[in-house]
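A quick write-up on the structure given underneath.
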Amino acid sequence: MEFSRPRLLVLGGGQLGRMLGPAAARLDIATTVLDPTPACPAAATTDAQIVGSFADYTAVVEAAADVDAVTVEIEHVSTAALRDIASGGIAVHPDAAELETVQDKLAQRRALGEAGVPGPRFEALPDTEDNAERHAAAGRFGLPAVQKLRHGGYDGRGVAVLPGDAQADALLPGASYLEDLVDIDRELSVIVARSVSGATAVYPPFEMEMDPDLNLVRAVLYPARLPEEVLTRAEDVARRAVEALGGGGVHAVELFATRSGEVLVNEIAPRPHNSGHLTIEAAETDQFEQHLRAIFDLPLGSTRMRGPAVMTNIIASGAAGQTAYRGIAEAVTGEGAHVHLYGKRQSRPGRKMGHITVCRDDRDDARRAAEHAAAVLTVTGTAQTGR
Ligand SMILES: Nc1ncnc2c1ncn2[C@@H]1O[C@H](COP(=O)(O)OP(=O)(O)OP(=O)(O)O)[C@@H](O)[C@H]1O
Ligand SMILES: [Mg+2]
């Protein structure tokens, strides 16, 4: 096959684009990112940044003027632009139809349900501002339940657990739906790559430990602490979920393993994902290179893990302001520890500023080391202004 420095446009220039950059450079793919923040995290590792909004039709169409392929690192992009770009013959992965499905969590649930992929029972809430009417509908659905906004949620924003005695004013405003409150044993993520010609490659399940306060992934563990039989089922469910949505590239399928032994799909991200960062050091092929292979229809790489690994996110604390790191010297000294800082110039409490992956022969050793490294490496904002 002919492969001559293809040009890729990435919509969004955050940490995912920053980590995609080195994989693109290895394969001699020229990357441009479109992001509204000058000197965005991805600008440091890619060939060029266009400052502009990935949600803006004209900005996206113009940025794609002389590329061979377009991908995203964020779901909330102009799909109208992607549709027109694709009809002009440029490869777009994931495609507009898939992005529109995942942008609307209810549409996503419906698509998975129609394909017979297991998930929690769900039902749309009436689209009205009349809270009493919505509360009555929630009562008929059955509380406790989880309310989710159809659009725009991330990192747990847009998700509300409604207890059995929830009052009408507990409902989130906005177009939303309800789903059963799942009795979660463990949360899993399965990274599935689907190449343009339809080949798939599935990584073994990673366990996601959530931070209940921040609603962020606190740690990702490999191997996951579940029986082999459940893990095999999770891989199968994840593969079917990605087939149901139909797009190309890497996908992360978030799953619930329930206390009664079921495996249910929570949601799908049609892109590399926080839960897959440990593939950079611990897998034969990392999720970013795998994504590029899928988009450019190269043979997919091995998903074999070289050994146990644990990833922890580095979350900003303290004041908001110009980013300052403390404790980096100690964090980088741990055996098997790999520190990734995302280069976000501004720190805000709760913001994801980096991650640490520790590879050790023993998962629980790796976990202790990763938690230690994440505890000694603190990120806060300083009062200074400027760059
Ligand atoms: N039906 C459910 N039953 C029990 N817990 C749930 C349910 N849905 C979501 N949760 C919990 O809330 C978390 C966030 O939900 P979800 O993944 O839908 O939101 P999100 O805002 O897209 O999050 P993120 O951006 O972090 O992926 C889940 O990881 C899980 O811990
Ligand atoms: Mg989620």
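The values are calculated or read from the model by the stated rules, or taken from the named source; none is laboratory data. Only a predicted model underlies this, so the values are computations on that prediction, with no experimental measurement involved. Don't worry about glycine lacking a Cβ; one is built from the backbone with ideal geometry, like all the others, and counts go over all protein chains shown. Accessible surface is based on the protein model in full, side chains and every heavy atom, while ligands, DNA and RNA are left aside. Shrake-Rupley method; radii C 1.70, N 1.55, O 1.52, S 1.80 Å.
Checking each residue in the stretch 238-267 for being within 16 Å of ligand 2 (Cβ to nearest atom) and either at positive phi or not in a strand (DSSP E or B) (or both) picks out Ala238, Ala241, Val242, Leu245. Within the stretch 268-284, restricting attention to residues that are part of a loop (DSSP other than H, G, I, E, B) and open to solvent by less than 10 Å² (accessible area, probe 1.4 Å), the residue that is farthest from ligand 2 (Cβ to nearest atom) is Leu278. Of the residues making up the stretch 125-145, those that are open to solvent by 40 Å² or more (accessible area, probe 1.4 Å), closer than 22 Å to Leu264 by Cα and either in a helix (DSSP H, G or I) or in contact (Cβ under 8 Å) with a residue 24 or more places away in the chain (or both) number 1.
Given the condition out of contact with any Ser or Thr (no Cβ under 9 Å at 6 or more places or on another chain) and in a loop (DSSP other than H, G, I, E, B), answer yes or no: does some residue in the stretch 308-324 qualify? Yes, the conditions are met somewhere in the stretch 308-324. For the stretch 243-255, the set of residues classified as surrounded by 20 or more Cβ atoms within 10 Å (Cβ to Cβ) and over 14 Å from the mean Cα position of the chain (by Cα) consists of Leu245, Gly247, Gly248, listed by residue number. Scanning the stretch 58-117 for residues that are more than 24 Å from Pro41 (Cβ to Cβ), open to solvent by less than 40 Å² (accessible area, probe 1.4 Å), of a type in the set (D, E, K, R) and part of a loop (DSSP other than H, G, I, E, B) yields one hit, Asp104. Reported count of residues in the stretch 166-194, each being surrounded by 21 or more Cβ atoms within 10 Å (Cβ to Cβ) and polar (S, T, N, Q), is 2. Taken together, the criteria place Ala86 among residues that are in contact with an Asp or Glu (Cβ under 9 Å, 6 or more places away or on another chain), away from ligand 2 (no atom under 15 Å from the Cβ) and within 26 Å of Val72 (Cβ to Cβ). Just so you know, in the stretch 195-222 the residues that are of a type in the set (Val, Ile, Thr) and open to solvent by 10 Å² or more (accessible area, probe 1.4 Å) include one that is nearest to ligand 2 (Cβ to nearest atom), and it is Val217.
Residue-wise test of (1) in contact with a Pro (Cβ under 7 Å, 6 or more places away or on another chain); (2) of a type outside the set (Val, Ile, Thr); (3) under 19 Å from Leu16 (Cβ atoms).
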position	(1), (2), (3)
Gly334	no, yes, no
Arg348	no, yes, yes
Met353	no, yes, yes
Val358	no, no, no
Arg367	no, yes, no
Ala370	no, yes, no
Thr378	no, no, no
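What number of residues within the stretch 243-265 satisfy the criterion of being more than 14 Å from ligand 1 (Cβ to nearest atom) and under 14 Å from Asp183 (Cβ atoms)? Looking only at that region, the number is 1. Working only within the stretch 146-198, note down all residues that are free of Cβ contacts under 8 Å to residues at least 24 places away in the same chain, within 14 Å of ligand 1 (Cβ to nearest atom) and within 22 Å of Val242 (Cβ to Cβ). The one that is free of Cβ contacts under 8 Å to residues at least 24 places away in the same chain, within 14 Å of ligand 1 (Cβ to nearest atom) and within 22 Å of Val242 (Cβ to Cβ): Tyr154. Every test in (1) in contact with a strand residue (DSSP E or B) (Cβ under 8 Å, 6 or more places away or on another chain); (2) not in a loop (DSSP other than H, G, I, E, B) is passed by Phe54 save one, and that test is (2).
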